[in-house]
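Here the structure comes first, spelled out in structure tokens, and everything after it is commentary.
The values are calculated or read from the model by the stated rules, or taken from the named source; none is laboratory data. The structure presented is a predicted model; accordingly, all values stated were derived computationally and were not measured. Neighbour counts are summed over all protein chains in view; Cβ atoms, including those assigned to glycine, are modelled from backbone coordinates with ideal geometry.
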Amino acid sequence: MSLQQGILLFFLSGFASLDRVGINMMLSRPIVISSIIGITFDQILICILLGAIFEFIGMLEVPVGTVILKDDSFAGYSSSVLISLGAISHNNLSILLAIILVTLMIYPVTLTDIYCRKFNKLMITRAFNENKSNENSDSFLIRIGLLVSFIRGVIIYNLATLLIFLTLYNIDYFTKTEVSPIYYLVLLFILLMGCLFRFLNGELFIKLIFLVVGFAASWIIL
Amino acid sequence: MDNIMKRLFKALPTLIRSIFYQANWNIENMQGTGFSWLLKDLSKRFNIGLGNIGSNKRADYFNTNPYFVTFMLGMFLKEAESGQAVDEYKSTYASVFGALGDSFFWHSLRPLTFFLSLFIALYEPMFAMFFYLIFFNIFNIGFKFLGFYLGYNYGTNVIDLFRTVSFANWSDIADMASIFFMGGTFALAIKYISNSDPINSVAIFKTAIFFIVGFVTSKYINAPFTLIAGAIIVTAIMLLQNI
Amino acid sequence: MERIIFRVDDRFIHGQVIEGWINHFLIKNIILINDSIADDVKKTFIYKSTMPRNTKLDVMSINAFLQLDILNEYKKGYLLIIVGSIHDLKLISSNIPKENSYINIGCLATTSRDITVTDNCFINKEELECLVNISNKYSKDIYAHKLPWEKPINLKDIHSNQTNIEKMQG
């Protein structure tokens, strides 16, 4: 990994976390993060496929009210970094193991997001108690919120990725197979597509018609 | 120049700030700090009291969909200029915009953008990411800037506009489009795994089984566990085939 | 899930209600009970404009709801009935069907109330007593239940915890 790539990962992890909390410009979507990492490390196809798989985790949840979404940005970031840095090989079973570990790691990473929101609450309660609520204090709270999210991304995303990296690196040797995992990743993708099919609005019958028409159109045209 | 356009330019810095207004999101007042921050900023720019805020008033509870906040700002400015009490509609519109925005942006636009990006990726993988960001943010930025204009133009009657364009149905339309492209993706996936054999019944059967299992299990298990279970099953299949 | 869902929510219709309850159970009939909204044509119109396709929202006053024969008027499918406060729930409680109904508390976001039930549900002692009374009177458990796929919290458990805390403090 070159210095430029390292700097890019530093900022990418920070901005992905920041985007989830305060910006919502979709830089944090796994497919976007994975594509950026894929382009940087020249691993675009496999990274997009991994990003697409983790994208479903976010798509199947809606951040309504106080719901804090599972941190799919971390999953996209981590899995792409792992494959780009060679912790997992392309023709290797460990890619599936990586998916399992990264998915499990989503939970503690999401917990840190919850703590960030709690920190925001602490800050605002303190401002209330000190009777400091003017434009400057609001602005300060917003800036602190952005900074904390950025730091969370840089530290937590990379630390969690490092943990998975070390785990996988040690067992990678034992899990080498000659079968390409891409085939199985596509199957996983379809499994999650089934979940999304239920999630999307509409009567089942009408949804089925659209699915079949889309299928036929794609089959014939492409 | 149109009077509203003048206001739009004057409010431009506040609208740009609105991109960050959610940064202090917390369970105490949700987006209250950010909304108060925006209102105070707008208030200063137009030299007018906006809503129930004083320079030292603590930020109240406020929560809506982040892409709709500028509608509220426009509405507040309009009503403040005409001496109306907009606070009466603040919570109503915050809830209603939350409902409309969550359905459209979070529920429907993300899957649609995702499937469209996948199709772009087929031709040029590098463009998929740019397409995702551009397509989604056309709506994001469009709603942010147009939202202020429309919120100011219509005031508390802005809902008429949503009714006119049947906004509540946009989510359903986007979902149907997503399903259409999902079908297309399904076909491509089968073509990919059937190794260029145009009609491989085994591949169709396998993918159909996975799709149905995903459809059924999603009723009972959340997405991360479905993914973990799927990965374990797929690993088992892979190992069995290897033996 | 029971067919007739009562929900106490001070934001009435918002993301959680549309995305969580209406879309999840494909609810086609909703009743919003609130005197001030029922009297306000504009607010009624605003709330009705959020309804997804083929979903009907009726806005009515408490008295109008008390005259309503729910089981006969809404014979099939899910029915979601939303009130804005625990006080309003108490007022309509005589018209809660004993069968096929489920009562849940959603968003009550005034943080100045001292009992925290969930991260967006805060109630005071009187409201908790009121809920337990309704629960006992109609032999029906009441839950704090933000979203259908989340684990509901029985308000009776909150009440017994609160009683224990008071005993310890006393």
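Table for the structure above
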{"quantity": "Every pair of residues 6+ apart whose Cβ atoms lie under 6 Å, when the first sits in the stretch A:59-81 and is within 9 Å of chain C (Cβ to nearest Cβ) while the second is surrounded by fewer than 23 Cβ atoms within 10 Å (Cβ to Cβ) and not in a helix (DSSP H, G or I)", "calculated": "A:Pro63/A:Leu69; A:Thr66/B:Ile27; A:Thr66/C:Asp119"}
{"quantity": "Count of the stretch C:13-32 residues which are surrounded by fewer than 21 Cβ atoms within 10 Å (Cβ to Cβ) and part of a strand (DSSP E or B)", "calculated": "1"}
{"quantity": "Selection count where residues are more than 16 Å from A:Ile95 (Cβ to Cβ) and in contact (Cβ under 8 Å) with a residue 12 or more places away in the chain, scope the stretch A:22-48", "calculated": "10"}
{"quantity": "Leading residue by the ranking (farthest from the chain's Cα centre (by Cα)) among those in the stretch C:111-167 that are within 14 Å of chain A (Cβ to nearest Cβ) and either over 22 Å from A:Lys118 (Cβ atoms) or touching a residue at least 60 places away in the same chain (Cβ under 8 Å) (or both)", "calculated": "C:Trp149"}
{"quantity": "Qualifying residue in the stretch A:53-65 (condition: more than 18 Å from B:Leu112 (Cα to Cα), among the small types (Gly, Ala, Ser), at pLDDT below 95 and not in a helix (DSSP H, G or I))", "calculated": "yes"}
{"quantity": "Hey, A:Lys118 within 14 Å of chain C (Cβ to nearest Cβ), basic (Lys, Arg) and either in contact (Cβ under 8 Å) with a residue 40 or more places away in the chain or assigned to a loop (DSSP other than H, G, I, E, B) (or both) or not", "calculated": "no"}
{"quantity": "The listed residue being under 21 Å from A:Met1 (Cα atoms), of a type in the set (Gly, Ala, Ser), part of a helix (DSSP H, G or I) and at pLDDT 90 or above, out of A:Ser79, A:Ser149", "calculated": "A:Ser79"}
{"quantity": "Scan of the stretch B:133-192 for residues that are of a type in the set (A, V, I, L, M), touching a helix residue (DSSP H, G or I) at 6+ places or on another chain (Cβ under 8 Å) and within 30 Å of B:Arg7 (Cβ to Cβ), ordered by number", "calculated": "B:Leu133, B:Leu150, B:Val158, B:Ile159, B:Leu161, B:Ala168"}
{"quantity": "Positions within the stretch C:101-117 being more than 30 Å from C:Glu73 (Cα to Cα), in a strand (DSSP E or B) and touching an Asp or Glu at 6+ places or on another chain (Cβ under 9 Å), in sequence order", "calculated": "C:Ile115"}
{"quantity": "C:Glu150 being closer than 27 Å to A:Leu69 by Cα and assigned to a loop (DSSP other than H, G, I, E, B)", "calculated": "yes"}
{"quantity": "Residue, nearest to B:Ser91 (Cα to Cα), within the stretch B:26-43, restricted to residues that are of a type in the set (S, T, N, Q) and more than 7 Å from chain A (Cβ to nearest Cβ)", "calculated": "B:Gln31"}
{"quantity": "Odd one out for C:Val83 among (1) closer than 21 Å to B:Tyr61 by Cβ; (2) within 14 Å of chain A (Cβ to nearest Cβ); (3) hydrophobic (A, V, I, L, M, F, W, C)", "calculated": "(2)"}
{"quantity": "Residue ID - surrounded by the most Cβ atoms within 10 Å (Cβ to Cβ), chosen from residues in the stretch B:74-93 that are touching a Phe, Trp or Tyr at 6+ places or on another chain (Cβ under 6 Å) and among the hydrophobic types (A, V, I, L, M, F, W, C)", "calculated": "B:Leu77"}
{"quantity": "Candidate set: the stretch A:179-188, residues that are more than 7 Å from chain B (Cβ to nearest Cβ) and assigned to a helix (DSSP H, G or I); chosen: the one farthest from the chain's Cα centre (by Cα)", "calculated": "A:Ile182"}
{"quantity": "Among residues of the stretch A:187-217, those that are farther than 17 Å from B:Phe225 by Cβ and either acidic (Asp, Glu) or in contact (Cβ under 8 Å) with a residue 40 or more places away in the chain (or both), counted", "calculated": "1"}
{"quantity": "Restricting the stretch A:144-158 to residues that are more than 9 Å from chain B (Cβ to nearest Cβ) and in contact (Cβ under 8 Å) with a residue 60 or more places away in the chain, the residue that is surrounded by the fewest Cβ atoms within 10 Å (Cβ to Cβ)", "calculated": "A:Ile151"}
{"quantity": "Residue in the stretch A:17-35 that is nearest to the other protein chains (Cβ to nearest Cβ), counting only those that are closer than 19 Å to A:Ile155 by Cα and more than 8 Å from the chain's Cα centre (by Cα)", "calculated": "A:Gly22"}
{"quantity": "Which listed residue is away from every other protein chain (no Cβ under 14 Å), over 14 Å from the mean Cα position of the chain (by Cα), outside any helix (DSSP H, G or I) and closer than 30 Å to A:Leu60 by Cα, from C:Lys76, C:Lys98", "calculated": "C:Lys76"}
{"quantity": "Selected residue [more than 14 Å from the chain's Cα centre (by Cα), touching a residue at least 60 places away in the same chain (Cβ under 8 Å) and within 9 Å of chain B (Cβ to nearest Cβ)] from A:Leu97, A:Leu141", "calculated": "A:Leu97"}
{"quantity": "Search result, residues across the stretch B:202-243 that are modelled with pLDDT of 90 or more, aromatic (Phe, Trp, Tyr) and exposed (fewer than 14 other Cβ atoms within 10 Å of the Cβ)", "calculated": "B:Phe225"}
{"quantity": "Qualifying residue in the stretch A:23-40 (condition: farther than 22 Å from B:Ala121 by Cα and surrounded by fewer than 24 Cβ atoms within 10 Å (Cβ to Cβ))", "calculated": "yes"}
{"quantity": "Given (1) of a type in the set (Asp, Glu); (2) part of a helix (DSSP H, G or I); (3) at pLDDT below 90, index of the condition B:Asp197 fails", "calculated": "(2)"}
{"quantity": "Only listed residue being over 21 Å from B:Arg110 (Cβ atoms), in the same structural domain as B:Leu109 (by TED's automatic domain parsing), of a type in the set (A, V, I, L, M, F, W, C) and assigned to a helix (DSSP H, G or I), chosen from B:Phe135, B:Phe139, B:Phe205, B:Phe148", "calculated": "B:Phe148"}
{"quantity": "Top-ranked residue in the stretch B:148-171 [being buried (at least 21 other Cβ atoms within 10 Å of the Cβ) and within 14 Å of chain A (Cβ to nearest Cβ); ranked as nearest to B:Tyr89 (Cα to Cα)]", "calculated": "B:Ala168"}
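One line per residue, one yes/no per condition, for (1) surrounded by fewer than 18 Cβ atoms within 10 Å (Cβ to Cβ); (2) of a type in the set (Asp, Glu); (3) part of a loop (DSSP other than H, G, I, E, B):
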residue: C:Val59; (1), (2), (3): no, no, no
residue: C:His87; (1), (2), (3): yes, no, no
residue: C:Lys90; (1), (2), (3): yes, no, no
residue: C:Asp157; (1), (2), (3): yes, yes, no
